[in-house]
Amino acid sequence: MQTFPDTAAPLLSPDAQLPKAWPFEEARKIVEHVGARDASKPVLLETGYGPSGLPHIGTFGEVARTTWVRQAYEALTGRSTRLLAFSDDMDALRKVPTNVPQQEMLTKHIGLPLSRIPDPFGEYESFSAHNNARLRQFLDSFGFEYEFASSTEYYANGTFDAALKRMLEVHDEVVSVILPTLGAERRATYSPVLPIHPETGQVMQVPLIAFDADAGTVTWKDDAGKTFETSVYGGHAKMQWKADWAMRWFALGVDYEMSGKDLIDSVKLSSKICRILGKKPPAGLTYELFLDAQGQKISKSKGNGLSVEEWLRYGTPESLSQYMFQQPARAKRLFFDVIPRATDDYLTLVQKAETQEGNDLKANPVWFIHGGTIRSQDTSPVSFTALLNLADVANAETPDTLWKFLRRYDPTLSPESHPYVDKLVGHALTYFQERVRPTKVYRAPTETERKGLVDLAAALADVPVSSTPGEVQDVVFEVGKRYFAKSELRSWFGCLYEVLLGQSEGPRFGIFASLFGLPETVKLIEEALARPALEVTAETPQN
């Protein structure tokens, strides 16, 4: 590990030229947060996970994005870092997730800490242990370097003891910060300390009768009027959410943690509490939320988003990382139809990276996705979208069907010489068979489009089979310009996709025709023109 002298001089000047990628701007925040601290102490970045439901792709996104900030900071400073994946498994179960078995059993355990509820899958000692294992499995599968931490273990083994004592010392100040944010009914019962009922195991939200910071105890009554004195140590109590977050920052010395837009107010309150405890809150990024197909926030309990496993069934790990990297401050739909574009974007960025260096290379998401290295073998002479279209028109059942066309397009291609292309072929085939074929929608051409398609079939029939995709594309353009104004050429290509392929968009048509074969493309056009009107399943647009 490289070390730096303890000096007040900043690591970066305010006008330092950074690579134009958001993780480097976040790294600058960490530099400012750490200041002149002894460089022998690694910077601590944290991500949080609530194991009340199965991990979803948004959980992966937070760890991936934090990893990229970590990478940028280390590249800028040469200093060491740690990444802590923290599970809030001491939290109480408030509602039963809809995507797990044994709903009735879980309902009986509402109010208990997640780490004290049986695993509905029957595989681990508790519900949270099952979900924590799932989290670690998919983080490990992506090669993330992280340390896993359990709230239950930290409360029980004394890691939080000093911070819990400090929380009791400033109890009234913390309450004064939180109370104005609560309704009248909740204010009457609020305490930052949640004792665990010694008889029922429930996480109790009750007002405190008394608290003793020196003894580390709180006194309270349950709903039956029975009085208890409970130690805040040893896992016999936990902190209320916002106080808990602040206490963790204070206890562990967290330097950086990002969070979703829905937690903006929580970040503000937890930051105030962290300062009351005696430390500066961490730097961080507020990212936008992932949305499902209906534009609703994805949820672990609802299971309404893509899972990591589902993405990897239809796309590559690199495409998922590429999708997570882009514009974290913008809300994104996270559904199956984003996978093809993300895959093609990744392929384009790999090609760019081969000619980049310095800050330009470090601004390329590929530099982050592969930990500062470039995998030039992750290339393909054809796009993922083109492979999908090829599978579509060929009604492909096996990879051999697609490879037949690929070898005709480029005789040097083979699964052995181009394993990444072979991987894309497999994903494209699965995506077509399961996501495209069941929902295909064709439309009839308008009269103008019909004339253009007849003309295109004739033109392509005269194009030499040795023509390049670019030359074929020029022919498609020339035919389109005979029937559409320059400003309307987009409609011409929309016609090709919707009438011939049954979809709203596709690859450059010249590439597709070269892949599929010019005689085969002519036949495809003729079959579309001969298709009975009764087979059309979408309304015909008006030009």
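The values are calculated or read from the model by the stated rules, or taken from the named source; none is laboratory data. The structure presented is a predicted model; accordingly, all values stated were derived computationally and were not measured. Please note: Cβ atoms are built from the backbone with ideal geometry, for glycine as well, and neighbour counts cover all protein chains shown. Ligands, DNA and RNA are excluded from the accessible area calculation, which covers all protein heavy atoms including side chains. Shrake-Rupley method; radii C 1.70, N 1.55, O 1.52, S 1.80 Å.
Considering only region 78-90, state which residues are in contact (Cβ under 8 Å) with a residue 40 or more places away in the chain and either open to solvent by 10 Å² or more (accessible area, probe 1.4 Å) or among the basic types (K, R) (or both).
So the first thing to find is which residues in region 78-90 are in contact (Cβ under 8 Å) with a residue 40 or more places away in the chain, and the list is 78-80, 82-90.
Once the filter is applied, which keeps residues that are in contact (Cβ under 8 Å) with a residue 40 or more places away in the chain and either open to solvent by 10 Å² or more (accessible area, probe 1.4 Å) or among the basic types (K, R) (or both), region 78-90 yields G78, R79, S80, R82, D88.
Pick from region 402-413 the residues that are of a type outside the set (K, R) and free of Cβ contacts under 8 Å to residues at least 24 places away in the same chain: which of them is most open to solvent (accessible area, probe 1.4 Å)? Steps first, please.
To start, the set of residues in region 402-413 that are of a type outside the set (K, R) comprises 402-403, 405-406, 409-413.
Next cut, free of Cβ contacts under 8 Å to residues at least 24 places away in the same chain only: 403, 411-412.
Details: W403: 4, P411: 111, T412: 95 Å².
Top of the filtered list is P411.
Sort out which residues of region 436-478 are open to solvent by less than 40 Å² (accessible area, probe 1.4 Å) and without any contact (Cβ under 8 Å) to a residue 24 or more places away in the chain, and write them in order of number.
Residue satisfying the conditions is A459 alone.
Identify all residues within region 492-506 that are buried (at least 22 other Cβ atoms within 10 Å of the Cβ) and more than 17 Å from V522 (Cα to Cα); write none if there are none.
Once the filter is applied, which keeps residues that are buried (at least 22 other Cβ atoms within 10 Å of the Cβ) and more than 17 Å from V522 (Cα to Cα), region 492-506 yields only G506.
Mind checking which residues of region 191-215 are surrounded by fewer than 19 Cβ atoms within 10 Å (Cβ to Cβ) and under 21 Å from S271 (Cα atoms)?
If the condition is that a residue be surrounded by fewer than 19 Cβ atoms within 10 Å (Cβ to Cβ) and under 21 Å from S271 (Cα atoms), then no residue fits.
Which residue out of G284, G295, G278, G315 is over 25 Å from the mean Cα position of the chain (by Cα) and more than 21 Å from P51 (Cα to Cα)?
On the way: G284 fails: over 25 Å from the mean Cα position of the chain (by Cα); G295 fails: over 25 Å from the mean Cα position of the chain (by Cα); G315 fails: over 25 Å from the mean Cα position of the chain (by Cα).
It is G278.
With Q294, Q240 as the choices, which residue is polar (S, T, N, Q) and modelled with pLDDT of 95 or more?
Details: Q294 fails: modelled with pLDDT of 95 or more.
On inspection, the qualifying residue turns out to be Q240.
Specify the residue that is nearest to P113 (Cα to Cα); the eligible residues are those in region 168-195 that are within 34 Å of the chain's Cα centre (by Cα) and in contact (Cβ under 8 Å) with a residue 40 or more places away in the chain.
Within region 168-195, the match that is nearest to P113 (Cα to Cα) is L194.
Can you pull out the helices (runs of 4 or more DSSP H) entirely within region 385-499 that have at least 3 residues that are of a type in the set (K, R) and over 32 Å from the mean Cα position of the chain (by Cα)? First the steps, then the outcome.
Working: elements: 399-409, 419-431, 447-461, 469-483, 489-495.
Where helices (runs of 4 or more DSSP H) fall fully within region 385-499 and carry at least 3 residues being of a type in the set (K, R) and over 32 Å from the mean Cα position of the chain (by Cα), they are 399-409.
Considering only region 91-117, state which residues are open to solvent by less than 10 Å² (accessible area, probe 1.4 Å) and either among the hydroxyl-bearing types (S, T, Y) or closer than 22 Å to G260 by Cβ (or both).
Listed by number, the residues that qualify are L93, P97, L114.
I'm checking my understanding of the structure. Among residues of region 370-383 that are in contact (Cβ under 8 Å) with a residue 60 or more places away in the chain and open to solvent by less than 30 Å² (accessible area, probe 1.4 Å), which one is nearest to V436 (Cα to Cα)?
Quick first cut of region 370-383, residues in contact (Cβ under 8 Å) with a residue 60 or more places away in the chain only: 371-372, 378, 382-383.
With open to solvent by less than 30 Å² (accessible area, probe 1.4 Å) added as a condition, the list becomes 378, 382.
Details: D378: 25, V382: 19 Å.
Top of the filtered list is V382.
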